[in-house]
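This report concerns only the one structure given below.
The values are calculated or read from the model by the stated rules, or taken from the named source; none is laboratory data. Nothing here was measured: the structure is a model prediction, and the numbers come from that model. Cβ placement follows ideal geometry from the backbone for every residue including glycine, while neighbour counts extend to all protein chains displayed.
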Ligand SMILES: Cc1cc2nc3c(=O)[nH]c(=O)nc-3n(C[C@H](O)[C@H](O)[C@H](O)COP(=O)(O)O)c2cc1C
């Protein structure tokens, strides 16, 4: 049995009613414009674009991929109808005891249906959208894997770093400081050697999901992906660089980044919903080999005003990570963590706890806003009681409105870890720090038993009514 590939996932989401096919949209603005509408509303399907003007029928683009819990569940091999909290619990378990399989090398695969080398390379054969109106060009790599090998240890890393098409055989890659790809590239350049690189732009979404997660330095994303897929990932070693790429990928190319070879890159609308990063010179990839399947599918994960393709799937993972780190820090009785999608998985965190002692809520809020998984680019951390569902923003705001005394319960924390992509990081601060707020929206611990009773059915009455009156109640709650 060959590995599951992107086409298997597409068949599964189609069977679950989670795919829309649109024909005839052109890639300069219409594909991006249509996706902007699909991304804005939760519950919308993934969108496949076919019959793109100027390209052969069958050369497709697929985006809005992981903006729904059922589609994420299908990618991870979980029951499609599992809830958001089930998904968060799954990530918690995965992080504590992640299975892994070493990749298996194979001599060929569907990726090699079409191979071009040297002057024959033309990545423009793939319909590549300008994803938003004000982008600096077409980006072939958004939901992509950028594969590199450490020159000293032979460790293979892959990460999702955006790739802009810059010509038939040249592209740029944007790797922020500290990203593993950038560390590896610098190692080659310090020896005055070109850095070999391979880019994969269409693969099973489980492989892509891991590309965007901070898998620790020295650990293999391929092994982790094998663990999620339940079998070794079959990889093909590219001819010029020897770098492994999934043998059933849709599109891949390899080449070299030469020291000092930079090309103006960007801008690209970002996950925060702004163009804060601008345009600047970034490393050029001179492409030696380009491969694609027959009827290739370019996979897109488009950053934009949240909820967006780029961050939505990261939310459940981040909640699981923050929850585990709260527990590891000794914060008891955490009942849920939620990263609201409007914050791109980072700017907003809600933590629900069963209060055990005075100061418990404040402890949970400060730890969540500063633990490793929660600290980067946070702005609001809100702690609520365990009767509040942290995924229900209406109830969270209600708690903030009615259980919070701003004199005592709102703390501003200054000088925290952020990024230049945060439009409110300190102006002129080379460290890109920010300020954030920790809100205790729990009932005051000392008054918890005398606090006014909640004017809502008890859980018991609610369960009785739902059973007896199911037929007459509104759908979905
Ligand atoms: C869709 C998507 C696009 C991303 N684009 C970039 C990017 O252009 N540059 C970057 O440095 N990080 C980007 N990231 C974040 C990195 O992929 C993430 O930090 C990942 O852990 C990097 O891999 P590494 O830990 O092996 O360096 C992106 C993440 C996602 C999900």
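The table below gives the values:
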{"quantity": "Search result, residues across the stretch 154-191 that are touching a residue at least 40 places away in the same chain (Cβ under 8 Å), closer than 23 Å to residue 270 by Cα and within 11 Å of the ligand (Cβ to nearest atom)", "calculated": "158, 159, 160, 162, 163, 164, 172, 173, 174, 175, 176"}
{"quantity": "Selected residue (criterion: nearest to residue 131 (Cα to Cα)) from residues of the stretch 29-51 that are out of contact with any helix residue (DSSP H, G or I) (no Cβ under 9 Å at 6 or more places or on another chain) and outside any helix (DSSP H, G or I)", "calculated": "29"}
{"quantity": "Top-ranked residue in the stretch 131-153 [being in contact with a helix residue (DSSP H, G or I) (Cβ under 6 Å, 6 or more places away or on another chain) and either in a loop (DSSP other than H, G, I, E, B) or not assigned by TED's automatic domain parsing to the domain that holds residue 291 (or both); ranked as nearest to the ligand (Cβ to nearest atom)]", "calculated": "143"}
{"quantity": "Qualifying residue in the stretch 261-277 (condition: part of a loop (DSSP other than H, G, I, E, B), farther than 21 Å from residue 302 by Cα and either under 23 Å from the mean Cα position of the chain (by Cα) or away from the ligand (no atom under 15 Å from the Cβ) (or both))", "calculated": "yes"}
{"quantity": "Residue, farthest from residue 387 (Cα to Cα), within the stretch 459-471, restricted to residues that are exposed (fewer than 10 other Cβ atoms within 10 Å of the Cβ) and under 39 Å from the mean Cα position of the chain (by Cα)", "calculated": "471"}
{"quantity": "Residue within the stretch 52-70 that is without any contact (Cβ under 8 Å) to a residue 40 or more places away in the chain and assigned to a strand (DSSP E or B) present", "calculated": "no"}
{"quantity": "Residue within the stretch 428-447 that is more than 16 Å from residue 348 (Cβ to Cβ), part of a loop (DSSP other than H, G, I, E, B) and over 33 Å from the mean Cα position of the chain (by Cα) present", "calculated": "yes"}
{"quantity": "Selection count, the stretch 260-299, where residues are surrounded by fewer than 16 Cβ atoms within 10 Å (Cβ to Cβ) and closer than 15 Å to residue 175 by Cβ", "calculated": "4"}
{"quantity": "Options 181, 154, 109: the member that is modelled with pLDDT of 95 or more, at positive phi and surrounded by 19 or more Cβ atoms within 10 Å (Cβ to Cβ)", "calculated": "109"}
{"quantity": "Boolean, residue 428 is modelled with pLDDT under 95, exposed (fewer than 15 other Cβ atoms within 10 Å of the Cβ) and on the phi > 0 side of the Ramachandran plot", "calculated": "yes"}
{"quantity": "Residue within the stretch 90-111 that is more than 18 Å from residue 320 (Cα to Cα) and either without any contact (Cβ under 8 Å) to a residue 12 or more places away in the chain or in a helix (DSSP H, G or I) (or both) present", "calculated": "yes"}
{"quantity": "Single residue of 365, 330, 320 found to be more than 15 Å from the ligand (Cβ to nearest atom) and surrounded by 24 or more Cβ atoms within 10 Å (Cβ to Cβ)", "calculated": "365"}
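Yes or no, residue by residue, for (1) modelled with pLDDT under 95; (2) more than 10 Å from the ligand (Cβ to nearest atom):
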residue	(1), (2)
208	no, no
219	yes, no
229	yes, yes
244	no, yes
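Residue-wise test of (1) closer than 30 Å to residue 205 by Cβ; (2) at pLDDT below 95.
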| residue | (1), (2) |
| --- | --- |
| 309 | yes, yes |
| 319 | yes, no |
| 343 | yes, no |
| 348 | yes, no |
| 351 | yes, no |
| 378 | yes, no |
| 386 | no, no |
| 391 | yes, yes |
